[in-house]
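Notes to accompany the following structure.
The values are calculated or read from the model by the stated rules, or taken from the named source; none is laboratory data. The structure presented is a predicted model; accordingly, all values stated were derived computationally and were not measured. Glycine also receives a Cβ, built like all others from the backbone with ideal geometry; neighbour counts cover every protein chain displayed. These accessible areas exclude ligands, DNA and RNA; they are computed on the full protein's heavy atoms, side chains included. Shrake-Rupley method; radii C 1.70, N 1.55, O 1.52, S 1.80 Å.
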Amino acid sequence: MTAERHIFTMLVDNEPGVLSRVVGLFSGRGFNIESLCVAETIDPKISRITLVTMANPPVIEQIEKQLNKLINVIKVRDLSGDDAVKREMALICVQARPEHRAEILRIVDIFRCKVVDVGLAHYIIEVTGTEGKLTALLNLLRPMGIKKIARTGTVALLREPN
Amino acid sequence: MDAARLEPRVPASSADPAPLLSGAQILMAALRAEGVDTIFGYPGGAVIDLYDELARSAIRHVLVRHEQGAVHAADGYARASGRTGVCLVTSGPGATNTVTGIATAYADSIPLVVITGQVPTHLIGNDAFQEVDIVGITRPCTKHNYLVARTEDLARIVREAFHVAASGRPGPVLIDLPKDVVNRRIAHAPLTDPIRLRAYRPNYRPNKNQLRKVLALVAEAQRPVIFAGGGVIRSGASAELTALARRIQSPVTGSLMGLGAFPGSDPLWLGMLGMHGTYRANMAVSHADLLIAVGVRFSDRVTGKTDAFAAQARIVHIDIDPTSIRKNVPVTIPVVGDCRLTLETVNQMMGAEAPDGLAAARRPWLDRIGEWQRAHKLAYRQGETIKPQFVVETLHRLTGGRAIVTTEVGQNQMWTAQFFHFDRPGQFITSGGLGTMGFGLPAAIGAQMAFPDQLVLDIAGDGSIQMNIQELATAVQCGLPVKVVILNNGYLGMVRQWQELFYDKRYACTRMDHQPDFVKLAEAYGALGLRATRPEEVEAVLARGLAAPGPVLMDVLVEREECVYPMVPAGAPITEMLLV
């Protein structure tokens, strides 16, 4: 059985310890977390957790069931299909030597991302997009020298029916 | 001492309908509202105010000698009575001492509410005296847990905790109570609105379409086996299970936790399944064409090598917990639902009348099982030394099979499971999932609290009994006449057995070279101590001990190197049994 990548989104009670229950479930049962994103929803009593994991299908089934079993987890959804919008954001600090400065700005333009900080020897680029877009951008920037990077991990929402 | 507590409890003004109550008073009222009449516990600084209030309430308190004993006792109380067991302990070490007990109850799905004291909220996180993050520590071994941040939340949390502990797949729930939350006085009126847990709705009612498929499989099956687990006992489904087995003429096996779910004296009973299961049970499951698994979780101690487990069978799995289904073995028809409600519905759909010729059609299968039984019965040879199996059989005979029996963990537990035939649910109380040595004596104390007039017996090993031997003082203090029978072989017997069979008899650190004199020890605690050293003494010693009025410790010196058979080596298919 091959491992599949799944994006779970869940609504949880916005209470102390709830994230720890979710994360503890993964570590305690040997499930893996590729990325994790948490923030309050429009209802301050409820947070949304978006979690990306890799596992084979029976384990994915267990993960979803175990998440549902947690008393503070209100609703779990697997958003791995096409009926969901998925985005990730990254801040990338790239070395900007004089000979690369124009090239970097061209790449930023092509990828429709933004330079949010400039220095004598660096740019910080803000990029939002699918994971594929981020990977492509990173591949292009890597030769210039990436000094630091901060990624949010994927967030996802189910599309509304038309 | 909080001076405020000396004030009258009911306010003088009749204009205010909600009296000012302290957290401790609210807790006691909430416990009474849940029908709690017994608490097992141990006081300390963080709960001294709770104890002050408890002593004034109608709730009985059993003072244990170690907090682990309190949790096991509450657990034994819960298993015997079917009610939720309650413990009260202090913060820090009091709380950490409960962890093994909580994990034990969690592994076996036993409803408990464990109340721990906590340092005042303003000190939390300061490494205060006797502070520990018990909510963090017990998160993976409770069904749910709470830190009560405000006195206003206390009554609601207690109610939720009892609801969560006892409903769905039961389990332990911990409530951590900071000292200031306990002492604060607030205007409090009893709760009237229903419990609101929007994310917790256990699914009791099975899907009827799934049940129709089950019925179709049952109608086709030539070689069915029903496999009953602890879920049958927890949901009170024994009568429904027994009716189903007789109606479809299916033999029944059980996990360790399922013993007592189906009468051990019934001709359809196969004995226990798995690592130390009977030959016929393991063979029957391995040759069955339909396995109806009810309230089980397919533990590795039951399945052995999972690929080979019930390889010829289609599997129906009925369980209230969806995570139990398809976790360890693939399943043909999953049914999520309460065991009792599900079996009741199945029985209704099937009708009481068996089709003509069912008994005749089942004959070849039952005959084949009879052959397996004749080929390899559970057996031992009583010779010069006392055989532990003989002790268990004698206990069964002397008690008419009616005692409530707890065990410790290891060989004593397996021999009890094999040779004491349990006829009713709640009669056999043992730590199955976690395998907690030291469980039996405190669990017996709890069971005795639930049933003061019944004979409660702990079948122990000389290793296990010493893990919570201090609870003998609890039994004596509370006048609880529990009978402990130690199958004393001077070894950690089950580990020694593995060393004999799989480690070339290298008995690394399993011999207990120095043991206390258990008779004198019993006497030191104020209990009766008795000893049997030769086979001809066994019956008289046991009879005397069982008939004695108070707590009794019976030290039976058994064959030192006896093994539990059959045995399936860990990870092997369950057909590959080592036999006597």
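Quick look at the values:
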{"quantity": "Residue list for region A:34-80, restricted to those being open to solvent by 60 Å² or more (accessible area, probe 1.4 Å) and either within 22 Å of B:Cys141 (Cα to Cα) or within 11 Å of another protein chain (Cβ to nearest Cβ) (or both)", "calculated": "A:Lys45, A:Asn68, A:Lys69, A:Lys75"}
{"quantity": "First in region B:175-199 and within 14 Å of chain A (Cβ to nearest Cβ), second anywhere and of a type in the set (Val, Ile, Thr) and open to solvent by 20 Å² or more (accessible area, probe 1.4 Å), Cβ under 8 Å, 6 or more apart", "calculated": "B:Pro178/B:Thr121; B:Pro178/B:Ile124; B:Arg198/A:Ile74; B:Ala199/A:Ile74"}
{"quantity": "Answer residue from region B:264-295, given it is among the hydroxyl-bearing types (Ser, Thr, Tyr) and under 23 Å from B:Asn412 (Cβ atoms) and is least open to solvent (accessible area, probe 1.4 Å) among those", "calculated": "B:Thr278"}
{"quantity": "Scan of region B:303-349 for residues that are of a type in the set (A, V, I, L, M, F, W, C), part of a helix (DSSP H, G or I) and open to solvent by less than 10 Å² (accessible area, probe 1.4 Å), ordered by number", "calculated": "B:Cys339, B:Leu343, B:Val346"}
{"quantity": "Close pairs (7 angstrom Cβ cut-off, 6 or more residues apart or separate chains): within 11 Å of chain A (Cβ to nearest Cβ) in region B:119-143, among the basic types (Lys, Arg) anywhere", "calculated": "B:Arg139/A:Arg21"}
{"quantity": "Filtered residues of region B:199-209 (kept if over 30 Å from the mean Cα position of the chain (by Cα) and closer than 13 Å to B:Pro334 by Cβ)", "calculated": "B:Asn209"}
{"quantity": "Condition check for B:Phe298: crowded, with 24+ Cβ neighbours inside 10 Å, within 14 Å of chain A (Cβ to nearest Cβ) and under 25 Å from B:Met414 (Cα atoms)", "calculated": "yes"}
{"quantity": "Residue satisfying all of: in region A:105-162; open to solvent by 70 Å² or more (accessible area, probe 1.4 Å) and among the acidic types (Asp, Glu); nearest to A:Gln95 (Cα to Cα) among these", "calculated": "A:Asp109"}
{"quantity": "Qualifying residue in region B:149-156 (condition: touching a Phe, Trp or Tyr at 6+ places or on another chain (Cβ under 7 Å), over 15 Å from B:Thr90 (Cβ atoms) and more than 10 Å from chain A (Cβ to nearest Cβ))", "calculated": "no"}
{"quantity": "Residue that is farther than 13 Å from B:Ile315 by Cα and either of a type in the set (Lys, Arg) or without any contact (Cβ under 8 Å) to a residue 12 or more places away in the chain (or both), where the choices are B:Arg234, B:Arg223", "calculated": "B:Arg234"}
{"quantity": "Breaking point among (1) without any contact (Cβ under 8 Å) to a residue 60 or more places away in the chain; (2) within 30 Å of B:Ser324 (Cα to Cα); (3) more than 14 Å from chain B (Cβ to nearest Cβ); (4) of a type outside the set (Lys, Arg), for A:Ala156", "calculated": "(1)"}
{"quantity": "Residue check, A:Glu15 more than 8 Å from every other protein chain (Cβ to nearest Cβ), without any contact (Cβ under 8 Å) to a residue 60 or more places away in the chain and not in a helix (DSSP H, G or I)", "calculated": "yes"}
{"quantity": "Selected residue [closer than 27 Å to B:Gln249 by Cβ and hydrophobic (A, V, I, L, M, F, W, C)] from B:Ile429, B:Ile325", "calculated": "B:Ile325"}
{"quantity": "Pick from region A:18-33, criterion open to solvent by 60 Å² or more (accessible area, probe 1.4 Å) and in a helix (DSSP H, G or I), ranking: farthest from A:Ala156 (Cα to Cα)", "calculated": "A:Gly28"}
{"quantity": "Test: residue in region B:529-550 that is assigned to a loop (DSSP other than H, G, I, E, B), out of contact with any strand residue (DSSP E or B) (no Cβ under 6 Å at 6 or more places or on another chain) and at positive phi", "calculated": "no"}
{"quantity": "Any hit, region A:91-103, residues being open to solvent by 60 Å² or more (accessible area, probe 1.4 Å) and within 14 Å of chain B (Cβ to nearest Cβ)", "calculated": "no"}
{"quantity": "Helices (runs of 4 or more DSSP H) fully within region B:397-513 counting 1 or more residues that are of a type outside the set (Ser, Thr, Tyr) and in contact with a Ser or Thr (Cβ under 7 Å, 6 or more places away or on another chain)", "calculated": "B:411-419, B:440-450, B:493-502"}
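One line per residue, one yes/no per condition, for (1) part of a loop (DSSP other than H, G, I, E, B); (2) in contact with a Cys (Cβ under 9 Å, 6 or more places away or on another chain); (3) touching a residue at least 40 places away in the same chain (Cβ under 8 Å):
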residue	(1), (2), (3)
B:Ala216	no, no, no
B:Pro263	yes, no, yes
B:Leu270	no, no, yes
B:Arg280	no, no, yes
